[in-house]
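Enquirer: My questions will all concern the structure given below.
The values are calculated or read from the model by the stated rules, or taken from the named source; none is laboratory data. None of the values given here were measured: they were computed from a predicted structure. Positions of Cβ are generated from backbone atoms using ideal geometry, with glycine treated the same way; all protein chains shown enter the neighbour counts. For accessibility, only protein heavy atoms count, side chains too; no ligands or nucleic acids. Shrake-Rupley method; radii C 1.70, N 1.55, O 1.52, S 1.80 Å.
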Protein chains: 4
Amino acid sequence: MAYQVAVCGPQHCTEQDRANAVRIGQLLAERGAVVICGGGAGVMAAAAAGARSRDGLVVGVRPAGNRDGASPDLSVTLVTNMGEARNAIIVWSADAVIVVGGSWGTLSELALARRRGEVPVVCLGGWRVLDQRGDPVPGIDHVDTPDAAVDLALRHPAPP
Amino acid sequence: MAYQVAVCGPQHCTEQDRANAVRIGQLLAERGAVVICGGGAGVMAAAAAGARSRDGLVVGVRPAGNRDGASPDLSVTLVTNMGEARNAIIVWSADAVIVVGGSWGTLSELALARRRGEVPVVCLGGWRVLDQRGDPVPGIDHVDTPDAAVDLALRHPAPP
Amino acid sequence: MAYQVAVCGPQHCTEQDRANAVRIGQLLAERGAVVICGGGAGVMAAAAAGARSRDGLVVGVRPAGNRDGASPDLSVTLVTNMGEARNAIIVWSADAVIVVGGSWGTLSELALARRRGEVPVVCLGGWRVLDQRGDPVPGIDHVDTPDAAVDLALRHPAPP
Amino acid sequence: MAYQVAVCGPQHCTEQDRANAVRIGQLLAERGAVVICGGGAGVMAAAAAGARSRDGLVVGVRPAGNRDGASPDLSVTLVTNMGEARNAIIVWSADAVIVVGGSWGTLSELALARRRGEVPVVCLGGWRVLDQRGDPVPGIDHVDTPDAAVDLALRHPAPP
């Protein structure tokens, strides 16, 4: 069974986020991991394009009731028809979660991933979460490069 | 974008259902369609095994919160953690739905597929639905062979 | 904790279905049960109106992402934004399920309720389900009157 | 149609969070609002108890497939069987969202509420969200008392 890695990020993202997501998609595909993402624009499309450029498998988990707006680089398009609640499916399906950039939808994925626990959550350029005292809430691995993100995401052995 | 076909059926199925599902999986893969199924035992596992034997792509949409019980022949395993409500995702993601055999869960998939409309719903050996007067409710294509099921499922052109 | 009864049926229903649903809503409210329904038109609106006319509590579990189309007789409107997958929530939340009339959406609720098991599923004027041999699939209590439907639905003691 | 306010917070909360949630539940009920919450322990149970002590209507939207662990103060218990994805239903059903305290699950509710937009999101004692530059991401109303939280939540007119 293949290792499955979620790549999460804003549909409206920076050029840096986009370049990072392409590279992460490439690295994951090169290392044999399936990419799971929201299947839309921005970071999602960039990760899909990166993975496809290396013949990787990419699954898009769409929020709408049809495939409108789905990235052309998806191998499979799941139509959940459940809006942003599909974010939970993305992170539950993942052996590791990589977050690129920040948005409210992206933060919900990060939070749901940490709420689930169990799997590494790696963040490249995203928002920061502080507790009531102003200290960073532990549990997120912040990294500076796509390579570091993928290394951390794949540090655990694949499930049996 | 690949044509996606849902194959639905009981986890506890007859030998005939199982053989039919294997053959349907093979035919779909040979014709380039992605197979979407529940990813569990019985008809689901048989369709997945058939598709994989022809190097097809198979997605399992699991009801539980982890991958326990997932067929080993899946290319990708989606963890929905939403029980049988995942049946809606299976049929919404499909360009055509093939039902093999009968069970309450399978009937919910058939009913959700018809409720959605838009796509062909083909039934091989499944239950029958009658209206209050005892007449068959229209909208289901009943067929007798796996080949006829796949022909009907793929009769429409792929989405753009 | 109150007994919760789902009342399921088509948004486009017959006058007989509508009258039956109003009466069922009244009877359930008189006997202290919370009514859970889809919160839309037809049988759903009729059950809600019946319950409200007896000062009962009615919850509408809506498929859309907002409250458009919600019956004015609901005490609470849940916005699931998950389309017909919300049918699963309706039947999972119920101590008993009453089906009035037939449609594909309604059949999905009946099937999901039976797939779950555990609770009585009572049918007044709905569709019939036959197995491959043409025999009725067991597990549905077909009744002829609203009173009989409510009696069967409430035959079990309330959960602790 | 009643105004519906979501009260979100950790199941493992501080005594201050608990007291705040009780008071918020009381104030919402006194002002005629329906309380929607996760229906479990901690902040959820406290908000439910507060609302019930003022004869308010409280809906618990449970993550599990049954009613185990539901607060005894709920008027209605919705069984979603979809884990933390039910957080989306809680915030979509609300005319305003009040967050009390911090946890990953709570943060996912806050993020989903802001992702939806449209409604006020008021935070009492919760976590803080900073963007990449270290600035607070706008869109959350931070308050210091239960009264201020409820005032802000109810500042908008009820929907028609």
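Enquirer: So B:Q132 passes all but one of these: (1) outside any helix (DSSP H, G or I); (2) modelled with pLDDT of 95 or more; (3) surrounded by fewer than 24 Cβ atoms within 10 Å (Cβ to Cβ). Which condition number does it fail?
Expert: (2)
Enquirer: Let me ask you something else. If D:R115 meets every condition in (1) closer than 23 Å to A:E109 by Cα; (2) in contact with a Ser or Thr (Cβ under 7 Å, 6 or more places away or on another chain); (3) crowded, with 24+ Cβ neighbours inside 10 Å apart from one, which number is that one?
Expert: (3)
Enquirer: For the condition of a type in the set (K, R), touching a residue at least 12 places away in the same chain (Cβ under 8 Å) and farther than 17 Å from A:A33 by Cβ, what is the one hit in A:R114, A:R155?
Expert: Going through A:R114, A:R155 in turn, just one is of a type in the set (K, R), touching a residue at least 12 places away in the same chain (Cβ under 8 Å) and farther than 17 Å from A:A33 by Cβ: A:R114.
Enquirer: Next up: Mind checking whether some residue in the stretch B:78-94 is touching a helix residue (DSSP H, G or I) at 6+ places or on another chain (Cβ under 7 Å) and farther than 27 Å from C:I89 by Cβ?
Expert: Scanning the stretch B:78-94 turns up no residue that is touching a helix residue (DSSP H, G or I) at 6+ places or on another chain (Cβ under 7 Å) and farther than 27 Å from C:I89 by Cβ.
Enquirer: Does C:T14 count as within 14 Å of chain B (Cβ to nearest Cβ), in contact with a Gly (Cβ under 9 Å, 6 or more places away or on another chain) and farther than 18 Å from C:W104 by Cβ?
Expert: No.
Enquirer: For the stretch D:18-72: of the residues being of a type in the set (V, I, T) and outside any helix (DSSP H, G or I), which is nearest to A:A85 (Cα to Cα)?
Expert: Here the residue is D:V61.
Enquirer: Collect the residues in the stretch B:54-68 that are surrounded by fewer than 23 Cβ atoms within 10 Å (Cβ to Cβ) and over 15 Å from A:V34 (Cβ atoms), keeping them in residue-number order.
Expert: Correct list: B:R54, B:D55, B:P63, B:A64, B:G65, B:N66, B:D68.
Enquirer: One residue is enough: does the stretch D:21-32 have a residue meeting the conditions within 12 Å of the chain's Cα centre (by Cα) and on the phi > 0 side of the Ramachandran plot?
Expert: no
Enquirer: B:G126 versus (1) open to solvent by 10 Å² or more (accessible area, probe 1.4 Å); (2) at pLDDT below 95; (3) closer than 25 Å to C:N87 by Cα: which is the lone unmet condition?
Expert: (1)
Enquirer: Residues A:Q4, A:Q26: which one is open to solvent by less than 10 Å² (accessible area, probe 1.4 Å), at pLDDT 95 or above, away from chain D (no Cβ under 14 Å) and more than 23 Å from D:W92 (Cα to Cα)?
Expert: A:Q4
Enquirer: Scan the stretch B:135-160 for residues that are of a type outside the set (G, A, S), within 11 Å of chain C (Cβ to nearest Cβ) and open to solvent by less than 50 Å² (accessible area, probe 1.4 Å) and jot them down.
Expert: Listed by number, the residues that qualify are B:V137, B:I140.
Enquirer: Now, a different point. Which residue out of A:S93, A:S71 is farther than 25 Å from C:R62 by Cβ, facing another protein chain (nearest Cβ under 7 Å), buried (at least 23 other Cβ atoms within 10 Å of the Cβ) and hydroxyl-bearing (S, T, Y)?
Expert: A:S93
Enquirer: Only one residue in C:A85, C:A51 is free of Cβ contacts under 8 Å to residues at least 24 places away in the same chain and surrounded by 24 or more Cβ atoms within 10 Å (Cβ to Cβ), so which one is that?
Expert: The match here is C:A85.
Enquirer: Okay, next question. Taking the stretch D:96-120 on its own, how many of its residues are at the interface with chain A (Cβ under 10 Å from one of its Cβ atoms) and touching a strand residue (DSSP E or B) at 6+ places or on another chain (Cβ under 7 Å)?
Expert: Residues that pass the stated criteria total 6.
Enquirer: Looking at (1) facing chain C (nearest Cβ under 8 Å); (2) farther than 19 Å from A:I90 by Cα; (3) of a type outside the set (D, E, K, R), find the lone condition where B:A51 falls short.
Expert: It is condition (1) that B:A51 fails.
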